[in-house]
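K.L.:
The following block contains the structure, expressed as structure tokens.
Read-outs: derived from the displayed coordinates by stated rules, not from any lab. Everything numeric here is computed off the predicted structure, so don't read it as measured data. Because the Cβ atoms are built from the backbone with ideal geometry, glycine has one as well, and the counts that use them run over all protein chains shown.
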Amino acid sequence: MNANPTSDPVDDPPLAAQSGHSSSQTPHALQNRIHSTQCEILLERMGESYFETDLSGKLTFFNDYVCQFHGRSPDELRQLDFRALMSGEDARRVRAIFHDVYKSGIPSQRFAYDIIRKDGTLASAEAAVALLHGPAGETVGFSGIARDITEKKKFEKELRQSEEKHRHIIETLEEGYSETDLKGNFTFVNPSACRRLGYSRDELIGVNSRAYSPPETTELSNTVYQEVYRTGLPRRIHGHTMFAKDGSCRISDASVSLIRDESGKPTGFRTLTIDRTQQKETEKALHESKRKHTSILTNMEECYYELDLTGSFTFANAATCKNLGRSHSEVIGMNYRDYMSEKTILKTRQVFNTVFLTGQPTKIFECEIIDKAGRMHIHEMSVSLMRNTASEPIGFFGISRDRTELMQMEMALRDSEESYRTVMDMSPDTITVNRIEDGRYVEVNRAFCDLTGYRSEEVTGRTPTEVNLFVAPTDRKRLEAALRHGVVRGLEMQFRDKSGTVSDNLVSARPIQFKGNPCYLFIVTLITPLKMVQQALAESEESYRTILESAPYAVVITRISDSQFRQVNSAFCRQTGFSRAETIGRTTFDLEKLIDPSDRKRMLEILRRDGQVNGMEVCFKAKDGGLLETLFSAAPIRYKGDDCILSMTVDISARKLAERELDQYRQHLEEMVQSRTAELKAAQQELIKSEKLSVLGQLTATVSHELRNPLGVIRSSNFYLQRHIGDKDDKVPKHFKRIDEQVTLCDAIVSELLEYTRGRNVSLVREDIRPLLKQVIEQLCEDNTIPIGLEQSGDFSAVPHDPEKMRRVFINVIDNAIQAIKAQQRLAKEASRQYDPAISIHAKMQTDHVIIAILDNGVGMNAETLEKAFEPLFTTRARGTGIGLANVKKIVSEHGGEVSLESKLGEGTRMTICLHCT
């Protein structure tokens, strides 16, 4: 390479991208720079290859990383041409890069190339070069930095291969693979997913996956996708359903995982689906196959069995258990030695050993089986070797068939053949055997001779035509035509006997082999007497029909097996409105005739019990919907070969209507009598009550006047004594107070009596009643230690009420509650049990009225006491007047309100007062 800067570098430029070694030949242009200790340290520690070359491409300076990268010593590197270190293509490309740098003076961009190391391995580097100038600014060579990218390229190659492999796997996967964004819109689908749904990739991309799923799958998928998004962990969806383009339903198992970008941010979901549609169908088919297999094994008449290698049952179908006369639980575990004869055991063991050693099924062999009852059965049995999935012998299976009956039948057949002649001769029907070839008689029985008048030897070898048997020539042709179809059954024909007498007959025939020849077996039944009977029967039926049609009542014949109408008369059609065509062949249920379907069941029960039904009342519905009330009678008969019921119905609708009207009139009279009686009783009770109240009022007026004067004197005298007695001990004030309380009590009793018997008119004010209720509660709480709670709900309206009278109501009710609680306290104390007394008052506004409920957990009342609680003068307390609750009801009624009382003995009482706001 020419060092003249005006000329190009040598045709073979230096391998600028190769790592360099430190050189003992340092150019003059670099001496000032590298003599510095700091520069040397920097070059050695920079971690990359640094190199300098002259214009001919010879390395003039390089650090240790160049040697390490090439795997060569500095001397080796200085002696090698760069073309020995890289391929020809790379050498030409690198030369072109150096040439461009030399021409332009502009440092190169990074470029990559491969070199061959000393050990023959291929290494890759990435380098950038620039011109190197001398002290006077002249171009003296090139300098550059190179980085080992061998591992990087290897990784990138592996990554590309991995991605290509990954993409190839995805594209060729049998499973469906798809990617969606966070909204569920498809961003990628593989061919398998497209085939599975029947859509092209272009049709799916951008469409939301929920568009192809039913609502239940969409809801499940949303839950799973949210869980995957929240946790970042993959989840599975079993039974994921999607609709294909053709409308079919595809079922799959899906695995959902999160897709993240380079920063780890979730960008979507990837879903791998395994199509289970075919599997589900296969499982269904397998289940059905197993069901059929089980059904076949269960219902097959042959015995199917499975034995272990010792010969003990591990499975037996129902026929096997039946043949052994044992239950399934008894059979399982039984060894073949337990149910076979001694002779059979030895033979069976030899068969099992042969099958085990050869693996080949055995031919059918006979064995003797003994059932639980000790009976001997002859079985045909097959044995095959049963193997597991590893083809290891695990037992035997086979089929056995009970030949006992068959052998008995064969023996019976032999006996039958021996008695064939006896049967032929004893048969009442004519039996003949004729050759198919020419129709000649081969054998005839005695009945034939009796019917025709011919002896056996007279007809044997002759044809029916030759003995002039057929009356009409067409009968012979009809018989020949019927025989061409193989079997003749019940062909009616007339025959002529030897004397010329004509008889009616039924001919049956079929081909048989008789003594080695194809023949016809003819059986002829004489029906002349039957025809005569049929004629008589037809005449009888005509008479019966005339009687049936003339009957004034509905007569019906129904078949017992299916309840179908077999015959109805004209009276039935007139009565119900149904024609014969609409009725015959149908049932009462088809016509919806029965009003009460249970009537049929009741009729059949009576018929089974008594043999007939007489006068049973049954309601039917006519065609126009009208009600028919009838008297129903029935008896069993045989009609045209079927068990039937002959029934007759008499329409009693008019009579029943008259009976109902009469019953209604009678019932109305009874109700009127009861009503008048109740009114009289109520009036009598009211009169008695009025008389009692009148007497009580007169007595109260007199007593109250006579009592209040002495009470006033006692009260004033008590007051005087309290003021003037000076020397008092502790008991004197107590007795003064007791006198005052008792006088007040007596005065209150008198007031209660006067209020109930006479009272005064209510003086109504319209205001909120709650303040009055609170005052009463506070007043009573001062005199008692029993807690009284008040609960209020709703916006209260003003209530028209007499404050003084309502005060008396509240005091009476709450005082009764206090007395009940005190009585309960005494009982609890005597029984030494815990008791927490409580009175609660609930006031609430409800529409246009106020409801006040007063509850206590006192002694409560029994039913008898509760019924009499509001009666005047009724009391259960020793010192009660029996006027309190009577006054409560009276005052509340004066206010236009209602009062109710609920109580349970030992649990407490609830008094509810309802006052109207209008």
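K.L.:
Between the range 544-610 and the range 790-852, how far is it from one alpha carbon centroid to the other, in angstrom?
P.N.:
72
K.L.:
Of K245/K265; K292/K347; K774/K805; K58/K118, which sit over 27 Å apart, Cα to Cα?
P.N.:
Where the Cα-Cα span goes over 27 Å, the pairs concerned are K245/K265; K292/K347.
K.L.:
I've got another one for you. How big is the Kirkwood radius of the range 471-611, worked out from every pair of different alpha carbons and given in Å to one decimal?
P.N.:
20.0
K.L.:
Can you list the residues of the range 499-514 with backbone N under 18 Å from a point 7 Å past the Cα of E458, pointing along Cα to Cβ?
P.N.:
Counting only backbone N, you get 499-503.
K.L.:
Under 13 Å from the Cβ of H485, count the other residues' Cβ atoms, weight Lys and Arg +1, Asp and Glu -1, and hand me the total.
P.N.:
That sum, taken over residues with Cβ under 13 Å, equals +3.
K.L.:
When only Cα pairs under 8 Å and 6 or more residues apart are kept, what is the percent relative contact order across the chain?
P.N.:
4
K.L.:
A further question follows. Lys and Arg at +1, Asp and Glu at -1: add these up for the other residues within a Cβ distance under 11 Å of F565 and post the number.
P.N.:
+2
K.L.:
A further question on this structure: Is the range 787-838 rounded, prolate or oblate when judged by the Cα gyration tensor, a ≥ b ≥ c being the square roots of its eigenvalues, rounded requiring a/c under 1.5 and prolate requiring a/b larger than b/c?
P.N.:
oblate
K.L.:
Scan the range 769-853 for trypsin sites (Lys or Arg not before Pro) in coil per DSSP, keeping those whose Cβ has at most 16 other Cβ atoms within 10 Å, and list them by number.
P.N.:
Sites meeting the loop and neighbour criteria: R833.
K.L.:
Moving on to the next point. Can you list the GluC sites (Glu not before Pro) in the range 823-918 that are in a DSSP coil and have 16 or fewer other beta carbons within 10 angstrom?
P.N.:
E907
K.L.:
Once the mean 1/r over all distinct Cα pairs of the range 762-916 is inverted, what Kirkwood radius in angstroms do you read off?
P.N.:
Its Kirkwood hydrodynamic radius stands at 16.1 Å.
K.L.:
Then there's this: Taking the convex hull of the alpha carbon atoms in the range 542-646, what volume per residue do you get, in Å³?
P.N.:
102
K.L.:
Determine, at each q value in 0.05, 0.10 (inverse angstroms), the log₁₀ of I(q)/I(0) that the Debye formula gives when each Cα of the chain is one equal point scatterer.
P.N.:
Debye output, listed in q order: -0.92, -1.21.
K.L.:
Another question about this same structure. In the range 388-473, which GluC sites (Glu not before Pro) fall in coil by DSSP and have 13 or fewer other Cβ atoms within 10 Å?
P.N.:
Answer in residue order: E437, E466.
K.L.:
Here's something else I'd like to know. How big is the gap, in Å, between the Cα center of the range 477-530 and the Cα center of the range 169-208?
P.N.:
78
K.L.:
What's the center-to-center distance, using Cα atoms, between the range 623-653 and the range 267-323 in Å?
P.N.:
When both Cα centres are located, 54 Å separates them.
K.L.:
Send over the semi-axes of the range 323-415's equivalent ellipsoid, whole angstrom and largest first, taken as the square roots of 5 times the C-alpha gyration tensor eigenvalues.
P.N.:
Working through the eigenvalues yields semi-axes of 26, 17, 12 Å.
K.L.:
Can you give the Rg and Dmax of the range 572-613 based on its C-alpha atoms, in angstrom?
P.N.:
12.5, 33
K.L.:
Continuing with the same structure: Roughly what % of Cα-Cα distances in the range 173-276 sit above 15 Å, to the whole percent?
P.N.:
60
K.L.:
If you add up the charges near Y639, with Lys and Arg at +1 and Asp and Glu at -1, over every other residue whose beta carbon is less than 9 angstrom from its beta carbon, what do you get?
P.N.:
Neighbour charge sum, excluding Y639 itself: +2.
K.L.:
If the convex hull of the alpha-carbon atoms of the range 425-526 is projected onto planes in all directions, what is the mean projected area in square nanometres?
P.N.:
Hull-based average projected area comes out at 5.8 nm².
K.L.:
Report the charge-dipole magnitude of the chain in Debye, nearest 20, computed about the Cα centre from +1 at each Lys and Arg Cβ and -1 at each Asp and Glu Cβ.
P.N.:
Dipole of the chain, to the nearest 20 debye: 1320 debye.
K.L.:
Quickly rank 140-149, 320-329 as a protection proxy: mean count of other C-beta atoms within 10 Å, highest first.
P.N.:
Top of the packing list down: 140-149, 320-329.
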